[in-house]
Amino acid sequence: MPLSLYDTASRTVREFVPIAPGKVGIYLCGATVQAPPHVGHIRSGVSFDVLRRWLMARGYDVTFIRNVTDIDDKIIHDAGHEDIPYWSLAMRNERAFSRAYEVLGCLPPTYEPRATGHIPEMIELMERLIERNHGYAVRGDVYFDVRSFEGYGSLSGQRIDDMLASPDSAAKEKRDPRDFAMWKSAKPGEPFWQTPWGPGRPGWHVECSAMAGKYLGEQFDIHGGGLDLIFPHHENEIAQSKAAGWAFANFWMHNAWVTTSGEKMSKSLGNSLLVDEVVKRIAPVELRYYLVSAHYRSMLEYSDAAVAEAGQGYRRIEGFLQRSLEMLGGGSELLAVDPALRPQEFDDAMDNDLAVPQALAVLHEVVRRGNAALAEQRMAEMSAAFGATLAMLDVFGLNPWDPRWASEGSTGTQATEVIDALVRVLMTQRQEARSRKDFAAADAIRDGLDQIGIRIEDTAQGARWTLEK
Ligand SMILES: [Zn+2]
């Protein structure tokens, strides 16, 4: 079965054929850095990280561009309130986004262009559009003439006449009220750049066309973003880029939202859903598991309870891996990921528009059989389940032995290994105390561990410990 992906533009799941064999170029609309990210903001980063990892697992060399929109009305406005330059506020929030992507295990982009670093490319694109009579300047603003581009509205499935006017100022000076601003003339006190049409700053849409074109070329494989970007942002990107004569993106992919009480998660919910805050309550690897577990085109209703439940699911998988590793002797060579061990059904599910829920069902079934094999000490079967589970988790960026989870101090290995060694020292001392019938000392050790949430269990294979969550 060939890899197939849902393309918003054609509204079909269709076979993915790269433009250049073995290579994939992806442009993902990144953050407009107005504020630090909440869980909803970060879903697209995680969804497209899974796409990227699957393409890599399929042998593709992926160039992944995710931009930063570091100037817009709100950034300028809020920076004014804080009496700091716009770039200072933008940088602070950009760092919060980078931290969130990293803490959730997203691979760093191949390149992360900032809008304000690409003004010459935007001017060049606008000049080209004006030359081709798709753009026009009015007193320092530059607009895109939507009626000049046949097919405007096709991505979002709308007719021009049904669309509302674009909210840009100077409506009466526009050829059509739906024409959108590619460039905005400077208002007093605002940051600006010089252009052939006077001083001003870029509109959002032109930024992404210019940056995608610069790093991926006139035609590239996949353009992505959240569902809310289809209109007007992506519609306008298509209009600008195609009117300039570029073929632009072959596939348009959109992830659904994280919702709270059925609504798109928003800043008005306060700070408790900021990624920085959530990862204080929930292990980052478990938050990633939660975000990955739904299909990327399905809405995901957020609650701490839902994440906690997902966390339990992840810990069941992790627990199986830990116990089998122990049983297999714990050698580090066991932790090498072998992609050939992934079950065919798992690959088929991922090839079918990244059907993660089905792929996870395969994974959980392998874990279930692995646990049964573990209980009955059928070593070969358990070992196969261990390798398959590890290979599948790796595709999701959820390999518990990935050093990134260890460095976050969550359920990570490094910390676990140190704790394991310490607990074993104490368990040996307890065993020695029991051998010399010093039960008071033995109980004191067990009670001490119990108080910090470490439970000791005597099993046929010797004593083992678990951490109470
Ligand atoms: Zn964009």
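The values are calculated or read from the model by the stated rules, or taken from the named source; none is laboratory data. Predicted model only: the values in this text are computed from it and were never measured. Methodologically, a virtual Cβ is constructed for each residue, glycine included, from the backbone with ideal geometry; neighbour enumeration extends over all protein chains shown.
Being at pLDDT below 95 and surrounded by fewer than 22 Cβ atoms within 10 Å (Cβ to Cβ), is that true of even one residue in segment 250-257?
yes
Conditions first: (1) within 16 Å of the ligand (Cβ to nearest atom); (2) touching a helix residue (DSSP H, G or I) at 6+ places or on another chain (Cβ under 9 Å); (3) part of a helix (DSSP H, G or I). H254 passes all but one, so which condition is the exception?
Condition not satisfied by H254: (3).
List every residue pair whose Cβ atoms lie under 6 Å apart, where the two residues are 6 or more positions apart in sequence or sit on different chains, the first residue falls within segment 329-353 and is under 30 Å from H254 (Cα atoms), and the second residue, located anywhere, is at pLDDT below 95.
D348/M1; D351/M1
Could you list, ordered by first residue, the pairs with Cβ atoms under 9 Å in which the first is in segment 121-137 and at positive phi and the second is not in a helix (DSSP H, G or I), at least 6 apart or interchain?
N133/D145
Considering R66, R58, which residue is crowded, with 23+ Cβ neighbours inside 10 Å, out of contact with any Lys or Arg (no Cβ under 9 Å at 6 or more places or on another chain) and in contact (Cβ under 8 Å) with a residue 40 or more places away in the chain?
Sole residue among the options that is crowded, with 23+ Cβ neighbours inside 10 Å, out of contact with any Lys or Arg (no Cβ under 9 Å at 6 or more places or on another chain) and in contact (Cβ under 8 Å) with a residue 40 or more places away in the chain: R66.
Just wondering, is there one or more residues in segment 406-417 that are modelled with pLDDT of 80 or more and either outside the structural domain of M350 (by TED's automatic domain parsing) or under 29 Å from V292 (Cβ atoms) (or both)?
So far as segment 406-417 goes, no, none of its residues is modelled with pLDDT of 80 or more and either outside the structural domain of M350 (by TED's automatic domain parsing) or under 29 Å from V292 (Cβ atoms) (or both).
For the structure I just gave you, tell me whether D145 is buried (at least 21 other Cβ atoms within 10 Å of the Cβ), more than 13 Å from the ligand (Cβ to nearest atom) and either hydrophobic (A, V, I, L, M, F, W, C) or at negative phi (or both).
Judged against the criteria, D145 is a match.
Quick check on my filter: what residues within segment 290-310 are in contact (Cβ under 8 Å) with a residue 60 or more places away in the chain and in a helix (DSSP H, G or I)?
L291, V292, S293 - these are the residues of segment 290-310 that are in contact (Cβ under 8 Å) with a residue 60 or more places away in the chain and in a helix (DSSP H, G or I).
Give the residue that is surrounded by the fewest Cβ atoms within 10 Å (Cβ to Cβ), with candidates limited to residues of segment 69-123 that are away from the ligand (no atom under 16 Å from the Cβ) and among the polar types (S, T, N, Q).
Filtering first and then ranking leaves S88.
Please go through segment 357-381 and pick out each residue that is surrounded by 13 or more Cβ atoms within 10 Å (Cβ to Cβ) and among the small types (G, A, S).
Matches in segment 357-381: A359, A361, G370, A372, A373.
What's the total number of residues in segment 265-289 that are in a loop (DSSP other than H, G, I, E, B) and surrounded by 16 or more Cβ atoms within 10 Å (Cβ to Cβ)?
Qualifying residue count for the region: 3.
Pick from V24, V50, V62, V46: which is part of a helix (DSSP H, G or I), over 21 Å from L273 (Cα atoms) and β-branched (V, I, T)?
V50
Filter segment 184-212 down to the residues that are within 16 Å of the ligand (Cβ to nearest atom) and in contact with a helix residue (DSSP H, G or I) (Cβ under 7 Å, 6 or more places away or on another chain) and list them by number.
Of everything in segment 184-212, those that are within 16 Å of the ligand (Cβ to nearest atom) and in contact with a helix residue (DSSP H, G or I) (Cβ under 7 Å, 6 or more places away or on another chain) turn out to be P202, W204, H205, V206, E207, C208, S209, A210, M211.
Can you tell me which of (1) closer than 22 Å to D394 by Cβ; (2) away from the ligand (no atom under 16 Å from the Cβ) is the one S44 doesn't meet?
Every listed condition holds for S44 apart from (2).
Any chance you could count how many residues in segment 382-403 are crowded, with 21+ Cβ neighbours inside 10 Å and out of contact with any Leu (no Cβ under 9 Å at 6 or more places or on another chain)?
Total satisfying the criteria: 2.
Suppose we filter segment 217-234 for residues that are more than 11 Å from the ligand (Cβ to nearest atom) and crowded, with 24+ Cβ neighbours inside 10 Å; how many remain?
Qualifying residue count, segment 217-234: 2.
Would you check if T110 is in contact with a Lys or Arg (Cβ under 8 Å, 6 or more places away or on another chain) and under 16 Å from G30 (Cα atoms)?
no
Find all pairs meeting these conditions: Cβ atoms under 9 angstrom apart; at least six residues apart or on different chains; first residue within segment 196-219 and free of Cβ contacts under 8 Å to residues at least 60 places away in the same chain and assigned to a loop (DSSP other than H, G, I, E, B); second residue within 16 Å of the ligand (Cβ to nearest atom) and polar (S, T, N, Q).
G203/N236; E218/S241
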